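Each reported figure results from applying straightforward, stated rules to the coordinates on display, with no laboratory input. This one's a predicted model, so the numbers in the text were calculated from it and none came from an experiment.
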């Protein structure tokens with residue numbers, strides 16, 4: 001579970017209709033204890049086995065009082081009344097443990113904290129040939145969710161890595177050229193350079209040991225940009241002239 005970024009996967013041993021209907025207080029405490037134990041996580045994946053082979057994947061976001069039901073089954077009518085009540089009680093216990101100030105979105109009904117239950121959440125549906133394979137679909141969806149969450153966190157991790165690399169490799173330089181950033185130019189202070197750079201990549205900025213080298217490189221870069229600016233209109237004019245000439249030859 002430590003390898004699932006911001007996601008905790010709960011043991012579904014007690015997640016059955018029998019326990020939900022007959023031992024609701026016990027199950028609510030079981031879920032609440034798991035939430036509190038992993039309160040550093042943002043999302044909790046909870047498989048709910050309606051029958052031996054039939055499974056609905058719950059995505060519980062307690063800090064937002066939100067539960068999404070990922071159900072791949074074909075049967076349209078499912079009664080989640082007791083399950084909703086159990087999750088609402090688990091949320092109330094969780095809020096009592098961590099404090100209401102940590103909850104980003106709260107919802108109350110008759111003075112009690114409740115979840116926003118999305119039972120018709122769009123997800124991958126099984127075909128008629130796959131009937132009875134809901135547990136397999138739940139696992140497939142769980143893997144996709146974990147992978148998507150890791151992908152969402154990847155850019156920030158890469159950015160921190162690039163910042164750390166930049167700090168260790170370029171802070172010993174004396175002069176810096178920002179090629180692509182807020183204000184391109186030559187800078188003598190690393191912090192000034194760092195504030196101008198949108199993203200830390202090899203073509204955004206570069207450090208140099210002498211002011212002369214930095215100014216020369218930046219001047220060459222600007223000269224190249226000006227050439228490109230003139231080159232594009234010239235090409236467009238030549239194409240227009242060529243088209244006009246061809247048209248004249250054909251018509252005449």
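For the reader, a short list of remarks on this structure follows.
- In the range 1-126, Cα pairs under 8 Å separated by at least six residues give a relative contact order of 26 percent.
- Equivalent ellipsoid semi-axes - Cα gyration tensor, the range 1-122, angstrom: 21, 16, 14
- Cα gyration tensor, the range 12-79 - rounded (a/c under 1.5), prolate or oblate: oblate
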